[in-house]
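Participant: My questions will all concern the structure given below.
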Amino acid sequence: MEKKTAQRLLAALTALYIVCFSILSLERHQRLVTSIFDVGIFDQALYLTTHGESLFLSTRGLHVHGDHFHPILLLFAPLYFIWPSVSLLLIAQTVVIAIGAYPAYRLGRHHGFREGQAVLIGALYLAHPTVGFLNRFDFHPVSALAPALMFAVLYLEEKKPVGFTLAVVAALCCTEAAGFTILALAVTALWVRDKWWALGTFGLGAAGIVGTKLWLRHFNHDESTPYAMLYTNYGTSEVEVVTHLLTHPLQSVAQMATPLNLEYLFYLFAPLLFLPLLAPDRLLPTVPVLLGNLLSWRHAQHRIENHYGAALTAFLIWAAVVGWKRLRERGASDRWMGGLVLMAAVVSFLLGPLGSKHLSRLPERASIPTALEQIGQDKVVVAGNEIGGHLTHRDKLFLFPNPFIVAAWGNSPESLVQQGTAEYRPLTRGALRRGMEAVSVDFVVLSEHEFRSEFPLRGGDHDLARKEIRRSSLFEKLEDVEGDALVWKRKGEP
Amino acid sequence: MKKVLLIVAGLWLALCFWAVVKPREEATSPILPWLEVHPTLSENGRWLAFERDPEADAVFGRNPKARTEIVLLDRETDKLQVVRDPKIAYLSPQLTADGSRMAFEGAPGPDFLSDIYIAETETLTLRKVQPPRREGGHGTCFAPRISASGEVLSFVTYRPLSEWYWERTVALGSPEKMETPFPKRVSETSGAIALSPDGRRVVWENDAIDADEIYRRRLMSSDGESSPVSLDAPAWEPTLSNELCAYVKSDNDGIYQIMIHDFEKGQTRQLTRGNDDSLEPCLSADGKSLVFTSYATDLTDGAKSGHSHIYLLELETSQVRLLTPGGDGNSYNPTVSGDGATVAFASLATNLGEEKVEPGQVYLWERGWGRCRPVKVFSE
């Protein structure tokens, strides 16, 4: 296959990916599967940033930059000036993720694979479940980590220090956790390149860790974010957790060997025919995030269906390419391997979010009433998690039942526990009613039963809170609103 | 081509920069005015304890370092103590009969989950109660209830129902050894639990989903030895004396009313028939008095419409007394001493005492007082 043909084929595959995943993302938004956590949060963050509003995120109860380190989000701002919309975010995210196929292709070429085989490697990237589910999971700036690290890996292999530095800086701007990945990449750089590359990479990673910590403290009332508490089985700080792992290695491995973790690992490696295991040196940078996911008590981190694999994809692909190369060097047939890899790409694509298993779980399309668009941007709105993503263009949007009762709001440890496990102080009817009376909320918007998301409450408490809205004399239900949204307006509100 | 790309990138970054530095409006915050809540009295009425949140006035811009503290007042000596910690919020105090001990919640603990503490009120020596089950991120403990003697403790905690789902359940035992003794699902609770003064009976709102997939809050009662039995459903907010259980139930018009169940006679009757919600009942230990919050305006004269008020009901005479006449804000969280002679509650009203005060105070009422009085302890 000629270079031009190969690149056209790769472009076509990338375009197909962008079309398919853009449609999937937009459909999910229309079917109320997206939610305030997280598309609503980032949509409101960009709305506040570009509209000169205060940078206090009412959806989360903290400063826009007080929870995660993601200045990469600002790169979307110019687009947002033109088209401020969740749809823009979902499509832009798909395009950014898809771009990672190009460095994957070039990585294949760098390692001596033929054009067709390199295209296949690009396809492996696009088809990998971590990429698909990263794309499907609402919107999160951490999505840009997958292509950024893919470029970092490519430029490290191609010995292009400027490109490598830019890619690493971009990766560091995606999430505060990227610094640890870059530190681990420094060790691989020592292996692959030399001590100067390793030192430079280490310096970038260390600067990233220190810089993000300072940044987050600055925007979080001089407090650390509470995410270290995800590892309280092992310690209450990064140092304690690492010490525990080093001093109790067997116990830690035993604790990690749960069926859920093994399934998670299967989904990471099986789509690449376990080839990455032949290149453990290239897999080393996955260790911090992989351990983070396997050790966390937060259920979502052990599932491929979330965005927690963003930092893994590039290194899995890299290790798969090198693993394949090592097999070739031992005489494996190109034709057979190519066929197997192609089959793996197809199967892993089907295992991903576009597979029938996941598509069949999508609910029917919701009918979202136009009345929602008529709720003024100056109005204070409380919305259910599932429908709040359609109401984020205002400075005061609260995730139900906030602010009547504070739940999963703010950056306290209690808030993180509530988000991860729904363990919180019980609700009472009196407190709910007093909350409704104390805070002047103009509209409450929930959705019909089949679309509702109970997050951040438990089922019974969600039920109770909904019931109290229904029976409150402060609000009147707008009966003329057609569709799947239920809208209550404060009485006397024009 | 390279130049064009560089110019576009430069413009792009300039726009990003503009988005960051452009002038911004200040956030205006909704107000949550309650500062002092959840008062509790010892049975003899001598000790009063309540939560105080020094930062509870604004939703936005709240200082995350501010921690709720517990104020403890010995009414005999007027000695005031504050249980506070710069890192732990102390909540939900409950006193023993003589006020010598206090159980309360502390959040977050060293592993970031809430714990239950017991304090000696004279010395304020604190000790943590060992939770029945605890794993990272799971097993937090809330809402303690302590018996009159302090020997029996109950609170809400979580235990695993499946690998990743922990049900909210009732913990019962002595402060030295807590267990989750009731069957799964049966003891799944919304969190409203009550412990009788003698520590022999516990009642809780059961929150398990029923066959119609409706969360029907069912009141379950157990003496801790035999299997739990259902008292009523749907019903909420139980409170106990040794023989009686008062709770909230919706009437035919959907208004919340106070009910009472006599365990010995096996009889249940409706205590209030107000035109708006009555909530938060609290029985005196002798079972003769009941205080509650109500929005109803037809229980007695003098209740201002639109606000919740505190009522004292003498169960033997069925006499209802309004304790917050003319109050210009919601009054809530009532509690009563063992003989019904003293009542404490929180209020957003400013005009309940002799002088006007800021909203968000704890008030005391005593038999023989003309009006209730705010507990003024915060000039310090």
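The values are calculated or read from the model by the stated rules, or taken from the named source; none is laboratory data. Nothing here was measured: the structure is a model prediction, and the numbers come from that model. Ideal geometry is used to build each Cβ from the backbone, glycine not excepted, and the neighbour counts take in all protein chains shown. Quick note on the areas: whole protein, heavy atoms, side chains included, nothing else; ligands and nucleic acids left out. Shrake-Rupley method; radii C 1.70, N 1.55, O 1.52, S 1.80 Å.
Participant: Along each of its three principal axes, how wide is the spread of alpha-carbon positions in the range A:298-340, in whole angstrom units, largest first?
Facilitator: Dimensions of the range A:298-340 along the principal axes of its Cα atoms: 44, 17, 11 Å.
Participant: Working from Cα positions, state the angle (0 to 90°, nearest 10) between the long axis of helix A:429-438 and the longest principal axis of chain A.
Facilitator: 80
Participant: Quick one: which of A:K396/B:K87; B:K65/B:K128; B:K65/B:K376; A:K396/A:K489; B:K304/B:K356 span more than 20 angstrom between C-alpha atoms?
Facilitator: From the list (A:K396/B:K87; B:K65/B:K128; B:K65/B:K376; A:K396/A:K489; B:K304/B:K356), the Cα-Cα distance tops 20 Å for A:K396/B:K87; B:K65/B:K128; B:K65/B:K376.
Participant: Counting alpha carbon pairs within less than 8 Å and at least 6 residues apart, what relative contact order, in whole percent, applies to chain A?
Facilitator: Taking the mean separation of contacting Cα pairs over the length of chain A, I get 19 percent.
Participant: Quick one: plug the Kirkwood hydrodynamic radius of chain A (C-alpha pairs) into Stokes-Einstein at 4 °C, 1.567 mPa s, and report D in µm²/s.
Facilitator: Stokes-Einstein gives a translational diffusion coefficient of 54 µm²/s.
Participant: Averaged across A:463-475, how many Cβ atoms of other chains sit within 10 Å of each residue's Cβ atom? If you can, show how the numbers build up before the last one.
Facilitator: Details: counts 7, 6, 0, 0, 3, 0, 0, 1, 5, 0, 4, 0, 0.
The mean count of partner-chain Cβ atoms within 10 Å per residue comes to 2.
Participant: Turning to a different aspect of this structure: What is the angle, in °, between the Cα long axis of helix A:161-172 and the longest principal axis of the Cα atoms in chain A? Nearest 10 is fine, range 0 to 90.
Facilitator: Once rounded, one gets 30 degrees.
Participant: Moving on to the next point. Could you tell me which of B:T28, B:L72, B:G45 has its Cα farthest along the dipole of the range B:1-155 towards the positive end, charges placed at Cβ (Lys, Arg +1; Asp, Glu -1), taken about the Cα centre?
Facilitator: Toward the positive end, the furthest listed residue is B:T28.
Participant: What average count of beta carbons from other chains do you get within 10 Å of the Cβ of residues in B:246-256?
Facilitator: Values: counts 0, 0, 3, 0, 2, 0, 0, 0, 3, 1, 4.
So the per-residue partner count for this stretch is 1.
Participant: Using a 1.4 Å probe, what is the accessible area per residue for the range A:12-91, in Å²?
Facilitator: 28
Participant: Quick one: ranking B:S187, B:S162 by accessible area, 1.4 Å probe, largest first, what do you get?
Facilitator: B:S162, B:S187
Participant: Continuing with the same structure: Given a 1.4 Å probe and no ligands, DNA or RNA in the count, how much accessible surface is buried by B and A, both sides, to the nearest 100 Å²?
Facilitator: Summing both chains' loss of accessible area gives about 5400 Å².
Participant: Same structure, new question: Arranged from highest to lowest average of other beta-carbon atoms within 10 Å per residue, in what order do the peptides B:302-308, B:249-255, A:304-310, B:164-170 appear?
Facilitator: Ranking, from highest mean packing down: A:304-310, B:164-170, B:302-308, B:249-255.
Participant: Still on this structure, please answer the following. Which whole-number percentage describes the relative contact order of the range A:283-394, with Cα contacts under 8 Å and a sequence gap of 6 or more?
Facilitator: Numbers: 38 pairs, mean separation 16.6, N = 112.
After rounding, I find 15 percent.
Participant: At a cut-off of 30 Å², which residues of the range B:148-169 become less accessible once all protein chains are present than in their chain alone, using a 1.4 Å probe?
Facilitator: So the qualifying set is B:Y158, B:E163, B:W164, B:R168.
Participant: Hey, another quick one. Can you list the residues, at least 5 places off or on another chain, whose amide H is less than 5 Å from the amide H of A:N385, using H built in the peptide plane?
Facilitator: Long-range HN contacts for A:N385: A:F400, A:S453.
Participant: On to the next question. How about the range A:1-100: which chymotrypsin sites (Phe, Trp or Tyr not before Pro) there are in a DSSP loop, with at most 10 other Cβ atoms within 10 Å of their Cβ?
Facilitator: Numbers: sites: A:Y17, A:F21, A:F37, A:F42, A:Y47, A:F56, A:F69, A:F76, A:Y80, A:F81; in loops: A:F69.
Those that pass, being in a loop and sparsely packed, number zero.
Participant: Quick one: what are the phi-derived ³J(HN,Hα) couplings along the range A:367-378, Karplus 6.51/-1.76/1.60 with θ = phi - 60°, whole Hz, x for glycine and proline?
Facilitator: 3J(HN,Hα) across the range A:367-378, in whole Hz: 9, 9, x, 5, 4, 5, 5, 7, 6, x, 5, 8.
Participant: Given charges of +1 on the Cβ of Lys and Arg and -1 on the Cβ of Asp and Glu, with all other atoms neutral, how large is the dipole of the range B:271-374 about its Cα centre, in debye to the nearest 20? Intermediate values should be presented prior to the final figure.
Facilitator: Numbers: 8 positive and 14 negative charges, 18 e Å.
For the range B:271-374, the charge dipole is close to 80 debye.
Participant: Please list the non-local residues whose amide H lies under 5 Å from the amide H of B:S250, H modeled 1.01 Å from N, same-chain partners needing a gap of 5 or more.
Facilitator: Here B:Q257 satisfy the definition.
Participant: Here's another thing I want to ask about it. With a 1.4 Å probe and every protein chain left in place, work out the accessible area per residue of the range A:246-322 in Å², rounded to a whole number. Don't skip to the answer; put the middle values down first.
Facilitator: Values: 2760 Å² over 77 residues.
Roughly 36 Å² per residue, with all protein chains present.
Participant: Let me ask you something else. First measure r as the distance between the Cβ atoms of B:L5 and B:R84, then evaluate 1/(1 + (r/R0)^6) with R0 = 60 Å and state the FRET efficiency to the nearest 0.05.
Facilitator: 0.55
Participant: How much of the accessible area of the protein assembly as shown, in percent, comes from carbon and sulfur atoms when a 1.4 Å probe is used?
Facilitator: The nonpolar share, carbon plus sulfur, comes to 56 percent.
Participant: Under 1.5 on a/c is rounded, so check that first for the range A:354-447, then, if it is not, pick prolate when a/b is larger than b/c and oblate when it is not; a ≥ b ≥ c are the square roots of the alpha carbon gyration tensor eigenvalues.
Facilitator: Oblate, because a/c is 1.5 or more while a/b does not exceed b/c.
Participant: Quick one: order A:H390, A:H65 from most to least accessible surface, probe 1.4 Å.
Facilitator: Heavy-atom accessible area, descending, gives A:H390, A:H65.
Participant: Further question: Between the chain alone and the structure with every protein chain in place, find the residues of the range A:52-70 that drop at least 10 Å² of accessible area; heavy atoms, 1.4 Å probe.
Facilitator: In the range A:52-70, residues shielded by partner chains: A:G52, A:E53, A:S54, A:L55, A:F56.
Participant: On to the next question. Please state the charge dipole magnitude for the range B:135-284, taken about the Cα centre, from unit charges on C-beta atoms (+1 on K and R, -1 on D and E), reported in debye and rounded to the nearest 20.
Facilitator: Once rounded to the nearest 20, the dipole reads 160 debye.
Participant: Taking each residue of A:415-427 in turn, how many C-beta atoms of other protein chains fall within 10 Å of its C-beta, and what is the average?
Facilitator: For peptide A:415-427, the averaged partner shielding equals 6.
Participant: Kindly provide log₁₀ I(q)/I(0) values, in the same order as q = 0.11 Å⁻¹, from the Debye equation applied to equal alpha-carbon scatterers of chain B.
Facilitator: Reported log10 I(q)/I(0), two decimals: -0.78.
Participant: Relative contact order for chain B using alpha-carbon pairs under 8 Å, separation at least 6, rounded to a whole percent?
Facilitator: Contact order relative to length: 10 percent.
Participant: Simple spin-label model, 7 Å along Cα-to-Cβ: A:K195 to B:K65 in nm?
Facilitator: 4.4
Participant: Order A:H248, B:H261 by their accessible area, 1.4 angstrom probe, all chains in place, largest first.
Facilitator: Largest accessible area first, the list is A:H248, B:H261.
Participant: Against the longest alpha carbon principal axis of chain A, how many degrees, from 0 to 90 and to the nearest 10, is the axis of helix A:115-127 turned?
Facilitator: So the helix axis and the longest Cα principal axis differ by about 30 degrees.
Participant: Give the residue list of GluC sites (Glu not before Pro) in the range A:400-467 that are DSSP loop and have at most 15 other beta-carbon atoms within 10 angstrom.
Facilitator: A:E448
Participant: Additional query: Apply the Karplus curve 6.51 cos²θ - 1.76 cosθ + 1.60, θ = phi - 60°, to the phi angles in the range A:199-204 and return the couplings in whole Hz, x for Gly and Pro.
Facilitator: Karplus values, whole Hz, x for Gly and Pro: 5, x, 5, 4, x, 5.
Participant: Scan around B:L161 for amide H atoms under 5 Å from its own, H built in the peptide plane at 1.01 Å from N, and keep only partners 5 or more places away or cross-chain.
Facilitator: For B:L161, the qualifying residues are B:W166, B:E167.
Participant: Now for a separate question. Treat every Asp and Glu Cβ in the range B:1-82 as -1 and every Lys and Arg Cβ as +1, leave all other atoms uncharged, and give the resulting dipole magnitude about the Cα centre to the nearest 20 debye.
Facilitator: It comes to approximately 940 debye.
Participant: When the accessible area of each residue in the range B:188-221 is compared between its chain alone and the complete protein assembly (1.4 Å probe; ligands, DNA and RNA ignored), which residues differ by at least 40 Å², being lower in the assembly?
Facilitator: B:Y215, B:R217
Participant: Provide the convex hull volume over Cα atoms per residue for the protein assembly as shown, in Å³.
Facilitator: 174
Participant: Which of rounded, prolate, oblate describes the range A:103-261, given a ≥ b ≥ c as roots of the alpha-carbon gyration tensor eigenvalues and a/c under 1.5 marking rounded, otherwise prolate only if a/b is larger than b/c?
Facilitator: prolate
Participant: Can I ask one more? Note down the nm distance, to one decimal, between modelled labels 7 Å out along Cα→Cβ at A:L166 and at A:T236.
Facilitator: If labels sit at A:L166 and A:T236, their model points lie 4.5 nm apart.
Participant: I want to verify the translational diffusion coefficient of the range B:90-218 in µm²/s; compute it with Stokes-Einstein, Rh as the Kirkwood radius over Cα pairs, at 20 °C and 1.002 mPa s. It would help to have the intermediate numbers written out before the result.
Facilitator: Values: Rh = 14.9 Å.
For the chosen part, D equals 144 µm²/s.
Participant: Could you provide, to the nearest whole Å², the per residue accessible area of the range B:139-255 with probe 1.4 Å?
Facilitator: 38
Participant: Still on this structure, I have one more. Can you work out ³J(HN,Hα) from phi for every residue in the range B:318-334, in order, using Karplus 6.51 cos²θ - 1.76 cosθ + 1.60 and θ = phi - 60°, giving whole Hz and x for Gly and Pro?
Facilitator: Residue by residue, the range B:318-334 yields 6, 7, 10, 10, 7, 9, 10, x, x, x, 9, x, 5, 10, 7, 6, x Hz.
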